[in-house]
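Participant: Sharing a structure below in structure tokens format, with a few things to ask.
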Amino acid sequence: MNRMSGYGKWVAGRITKWITLLIWIVLVGVLTLLWPSVNSQVVNNAQNLPEDSQSVRAAVVAEQEFPGGSGVPALLVWHREGGLSEQDLLHIIAVYGKLEQQPLPSQNFVPPLGQLPPQALQASLSEDRSTLVTPVLFDKSADSDKLGEGITELKALVREETGSDPAAAGVDSNELSLRVSGPVGISIDATGLFEDADVSLLIATVVLVLVFLLLIYRSPILALIPLVAVGFAYGVTSPLLGLMAREGWITVDSQAISIMTVLLFGAGTDYCLFLISRFRQMLKVEENKGRALLSSISHSSGAIAMSGFTVVLALFALLLAKYGAYHRFAVPFSVSILIMGIASLTLVPALLAIFGRMSFFPFVPRTPQMEEERARAKGKPAPKPKKSGSKGIGGLVVSRPWTIVAVTIIGLGVLASFSTGIKFTYDILSSFPEDMESRQGFDLIGTQFSPGELAPAKLIIDTKGEVSGEDFKTILGGLSYVDTVSEVQQGAVNPQIIGFDLEFKDNPYSLEAMSHIPALLNTAEQALVESGFEEAQAQDSVWVSGQTATQYDTKVLGERDTDLIIPVVIGMITILLLVYLRSVTATVYLVGTVILSFFSALGLGWLIIHYLLGADAIQGAIPLYSFVFLVALGEDYNIFMISSIWKKRKRMPLKQAIAEGVNETGAVITSAGLILAGTFAVLASLPIQVLVQFGIITAIGVLLDTFIVRPFLVPAITLLCGRWAFWPGKHEEPRSENSAQ
């Protein structure tokens, strides 16, 4: 305690409080001037798959051997209810003629449609003649911003040619409409959704945290202190991450920055509240605000540091991921929480020292003696001391531990059982609002043509001159899941390499289509083996590129990362708890309850997402993201409460220590849990399904931890374990107040 009091004097002493504040102000100012902000270094087209992934290797071969079709396609979906007119087709031909003469920014290739008569295009119309799909290919190196520039110029060209605005026309109208879909349209829309969400997400999060703090503490000054701390933490985090991104040490994207902002406000406010709550309690028994603050720091800083360190290490575990999106989350999340933890242990104490009791104005906490003196000065009778009243939740827990353990485990277990029925999807289009341009275009393609036309797969085979292309075309045409097969294409560099463009009968982003990739590879490899190839040679001679192949590799790699990272996170948190608590027993049930809470949140989240919101599946990345956040953040509350119980049991019986520890930490943990759950729930207000689902499941998990696991299940198990809760550490007999002093 003396060591922590000494640390408190360094950051919140009579003079050092101003030095601490000045250091933070200078640090934010200097870093902001010297280093770029993280938002200026965002890269939204960073590769998610490693170079040795099958689809990546296939893309390299495709670009070398079939350069005419190796770009990223934008599918222009032209539509008019009642049928496209000959004049419409002439406009489309004219547009493509201009694209050949004056390419768009980042344009890679366009088919020679500008040289065709209208009659040739009519053969490609849908059955009801209302829809035509034409491609424009863009450079693979172009990011979403550059692709957006190209599409913007394309739409301007179309407006100039047609004299109208097909991009703004409704798809169900009698006007000519244009929707840009395919990988380019999807990429532009996905980036736009996250960019539009950034500002609204930040505003909504700040307002929600501010409202919660005002409702909880009813003090405008105190409501601003955590927000100021978060602002300073972000002011350091942003240029630090910006420097790391500029130097190429890390890569950041819009999605990571959006969720990092939510995490900073949610978790950061929690750490501030742990200290503020303790300070408020001490001000009611200690007249000197300086001593009250130092005592608060000594009692809460250890738990805050441990909680923050737990989250930082858990998030750092994402560095083990091979999938780029997971890997890119690790450093921004970890660094932001680390800096927020430092701010809550230095800047927040300094601000509390500066404002003192006035932090809580107008409901200022005072000692009973101070209240009496204040009443006398106003000529009023001394206020009667408030009685503790009922025993609260702590009293209930220690009176019926067996009942509480049985009811909570059964209830959480039932919810967890629903997690076994979850269906997953890797279809990014299902994350988009129904009125999003690329999704409208896809819906038209799926209705008027084969859904597989949205993103064809390219099968590439190195025949070594041993097998004819026509034989392969016959085999491919007989596959039940293939809708159309192109003519044989010969490699530009190696003519013995042949290629086919395949359209699946299923949505190319669906799990059904993804399951065809290994089957397609196996079919081609088997054909080579039957032609005399050795099995290993056949495997090295077949590739499949395209969006479906990429999504399949994403699924396989994501499952690999999940299977690796989840045990690592559990192991790291287990080690940290063992070091902090020095109890195997407590570590086991603390980790176990948080894991149970996670699966319960997953099960309840699935019920809400599937049955109430009508989603057929949840995004495949959700379980890993939710697990890392919930297990790490869930242990925060356990650590804070258990720390209180561990300290109290040294001077009182365990039963009393549990009752008082639960009641003492109940209000602050409930407040912190509501704020954290609220910040994650803000994600559910965005028009991006992956964030909606992540927000719902994570918010549910935080609420389960806050209102069931922390106040009921964990303390009840602790009481039932008795002295064994401390094993192999010794259960010290409580000391009397005199001896404690």
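The values are calculated or read from the model by the stated rules, or taken from the named source; none is laboratory data. Note that the structure is predicted; figures quoted are calculated from it, not measured. Here the Cβ positions follow ideal geometry from the backbone for every residue, glycine too, while neighbour counts run over all protein chains shown. Quick note on the areas: whole protein, heavy atoms, side chains included, nothing else; ligands and nucleic acids left out. Shrake-Rupley method; radii C 1.70, N 1.55, O 1.52, S 1.80 Å.
Participant: Considering the dipole of the range 183-319 built from charges on the beta carbon (Lys and Arg +1, Asp and Glu -1) around the Cα centre, which of Leu208, Ser187, Leu243 is farthest to its positive end?
Facilitator: Towards the positive end, the residue furthest out is Leu208.
Participant: Let me ask something else. About its Cα centre, how strong a charge dipole does the chain have in debye, to the nearest 20, once Lys and Arg get +1 and Asp and Glu get -1 at the Cβ?
Facilitator: It comes to approximately 7260 debye.
Participant: A further question on this structure: Multiply the residue gap between Asp143 and Arg366 by 0.36 nm, knock off their C-alpha separation, and tell me the result in nm, one decimal place.
Facilitator: 74.4 nm
Participant: With r defined as the distance between the Cβ atoms of Trp10 and Ser399 and R0 fixed at 60 Å, what FRET efficiency is calculated, to the nearest 0.05?
Facilitator: Numbers: r = 44 Å, r/R0 = 0.73.
E(calc), rounded to 0.05, equals 0.85.
Participant: Using 14 Å as the cut-off for backbone N distance, which residues of the range 677-699 belong to the label zone defined by a point 7 Å from the Cα of Leu215 along Cα→Cβ?
Facilitator: Answer for this model: 677-682.
Participant: Could you tell me what percent of the accessible area of the range 629-668 is made up of carbon and sulfur, with a 1.4 Å probe and every protein chain present?
Facilitator: C and S fraction of accessible area: 56 percent.
Participant: A further question on this structure: Given labels modelled 7 Å from the Cα in the Cβ direction, how far is it in nm from Ser164 to Leu34?
Facilitator: 5.9 nm
Participant: Let me ask another. Once you've got the Cα coordinates, tell me which of Lys140/Lys464; Lys391/Lys650; Lys322/Lys505; Lys423/Lys555; Lys146/Lys555 are over 24 Å apart.
Facilitator: Lys140/Lys464; Lys322/Lys505; Lys146/Lys555
Participant: Give me Rg over Rh for the range 591-634, both radii from the alpha carbons and Rh done the Kirkwood way, two decimal places.
Facilitator: Numbers: Rg = 11.1 Å, Rh = 10.9 Å.
Using only Cα positions, Rg/Rh for the range 591-634 is 1.01.
Participant: Where does the longest stretch of the chain lie that holds no chymotrypsin sites (Phe, Trp or Tyr not before Pro) found in a DSSP loop with 13 or fewer other Cβ atoms within 10 Å?
Facilitator: 364-741
Participant: Right, next: Take the eigenvalues of the Cα gyration tensor for the chain, scale each by 5, and report the square roots as semi-axes in whole Å, largest first.
Facilitator: 59, 29, 23
Participant: Farthest toward the dipole's positive end in the range 249-360, which of Ile259, Ile337, Leu319, given Cβ charges of +1 (Lys, Arg) and -1 (Asp, Glu) about the Cα centre?
Facilitator: Among Ile259, Ile337, Leu319, the one farthest towards the positive end of the dipole of the range 249-360 is Ile337.
Participant: Extension gain Ser124-Asn288, at 0.36 nm per residue separation less the Cα-Cα distance, in nm?
Facilitator: This chain segment gains 50.6 nm when fully extended.
Participant: Let me understand the range 449-538 better: what is its radius of gyration from the alpha carbons, and its Dmax, in angstrom?
Facilitator: In order Rg, Dmax, the Cα atoms of the range 449-538 give 13.1, 39 Å.
Participant: I would also like to ask the following. If all Cα-Cα distances of the range 504-641 are sorted into 5 Å bins from 0 onward, what percent lands in each bin, rounded to whole numbers?
Facilitator: Computed distribution, short to long bins: 2, 8, 13, 13, 13, 12, 10, 8, 8, 7, 4, 2, 1, 0.
Participant: With an 8 Å Cα cut-off and a minimum separation of 6 or more residues, compute the relative contact order for the range 468-611 in percent. Don't jump to the answer; show the numbers that get you there.
Facilitator: Working: 95 pairs, mean separation 18.5, N = 144.
Dividing the mean separation by the residue count of the range 468-611 yields 13 percent.
Participant: Please check which bits of the range 573-606 a label hung off Ile410 would reach, taking the label as a point 7 Å along Cα-to-C-beta and the cut-off as backbone N under 17 Å.
Facilitator: Output list for this probe position: empty.
Participant: In whole percent, and with a 1.4 Å probe on the protein chains, what portion of the accessible area of the range 275-341 is carbon and sulfur?
Facilitator: Using a 1.4 Å probe with all protein chains present, the range 275-341 comes out at 62 percent carbon and sulfur.
Participant: If Met652, Met436 are ordered by their accessible area, calculated over protein heavy atoms with a 1.4 Å probe, which sequence runs from highest to lowest?
Facilitator: Numbers: Met652 15, Met436 35 Å².
Descending order: Met436, Met652.
Participant: Per residue, how much accessible area does the range 88-158 have with a 1.4 Å probe, in Å²?
Facilitator: I get 45 Å² per residue for the range 88-158.
Participant: Another question, then. Sort Asp471, Asp563 from largest to smallest accessible area, using a 1.4 Å probe on the heavy atoms of the protein chains. Walk me through the numbers before you get to the answer.
Facilitator: Numbers: Asp471 90, Asp563 115 Å².
The ordering from most to least exposed comes out as Asp563, Asp471.
Participant: Follow-up question, since we're still on this one. Of His516, His327, which has the most accessible area and how do the rest follow, probe 1.4 Å?
Facilitator: The ranking, largest first, comes out as His327, His516.
Participant: Now for a different question. Per 0.36 nm of contour for each residue apart, how much would the distance between Val568 and Glu247 grow if the chain were fully extended, relative to their Cα-Cα spacing? Display every interim value, and only then the final one.
Facilitator: On the way: separation 321, 0.36 × 321 = 115.56 nm, distance 2.89 nm.
Between Val568 and Glu247, full extension yields 112.7 nm more.
Participant: Relative contact order for the chain: what is it in percent, counting Cα pairs under 8 Å that are at least 6 residues apart?
Facilitator: Relative contact order here is 17 percent.
Participant: Given the protein chains as shown and a 1.4 Å probe, how many square angstrom of Thr425 are accessible, to the nearest 10?
Facilitator: Spelled out: Thr425, probe radius 1.4 Å, area about 20 Å².
Participant: Oh, and also: Would you list which lysines come within 26 Å of Lys378, measuring only between C-alpha atoms, while excluding same-chain residues fewer than 8 positions from it?
Facilitator: Those lysines meeting the cut-off are Lys284, Lys289, Lys386, Lys387.
Participant: Please report the net charge: other residues with Cβ closer than 9 Å to the Cβ of Arg374, K and R +1, D and E -1. Numbers along the way, then the final one.
Facilitator: Details: positive: Arg366, Arg376, Lys378, Lys380; negative: Glu371, Glu372, Glu373.
Value of the local net charge: +1.
Participant: Quick one: what does P(r) look like for the range 109-164 with 10 Å bins over all Cα pairs, in whole %?
Facilitator: 18, 40, 34, 8
Participant: Another one. In nm, to one decimal, how far is the Asp435 label point from the Ser200 one, both placed 7 Å along Cα→Cβ?
Facilitator: Inter-label distance under the simple model: 1.1 nm.
Participant: Where Lys and Arg each count +1 and Asp and Glu each count -1, what net charge lies around Pro456 among other residues with Cβ under 11 Å from its Cβ?
Facilitator: Its environment carries a net charge of -3.
Participant: Find the accessible area per residue for the range 586-675; the probe is 1.4 Å, ligands and nucleic acids are left out, and the unit is Å².
Facilitator: Computed with neighbouring chains in place, this is 27 Å² per residue.
Participant: Using a 1.4 Å probe and ignoring any ligands, DNA or RNA, find the accessible area of Leu224 and quote it in Å² to the nearest 10.
Facilitator: 90 Å²
Participant: What is the Cα radius of gyration of the range 659-721 over 2.2 N^0.38 Å, N being its residue count?
Facilitator: Here the Cα radius of gyration is 1.34 times the empirical estimate.
Participant: Now for a different question. Tell me which of Ser296, Pro67, Leu576 sits at the most positive position along the dipole axis of the chain, charges placed on C-beta atoms (Lys, Arg +1; Asp, Glu -1).
Facilitator: Ser296
Participant: Under DSSP H, which helices of the chain have Cα atoms covering 27 Å or more of the helix axis and a Kyte-Doolittle average no less than -0.5?
Facilitator: What comes out of the filter, once short or polar helices are dropped, is 182-217, 220-246, 254-283, 289-316, 324-355, 547-581, 584-607, 622-648, 654-682.
Participant: Let me have the 222 nm mean residue ellipticity of the chain computed from DSSP H runs of 4+ only, each contributing -39500 (n - 2.57), with the sum over all residues rounded to the nearest 500.
Facilitator: Roughly -21000 deg cm²/dmol at 222 nm, from the helical runs in the chain.
Participant: According to a simple spin-label model (label point 7 Å from Cα along Cα-to-Cβ), what is the distance in nm between Val529 and Ser685?
Facilitator: 5.7 nm
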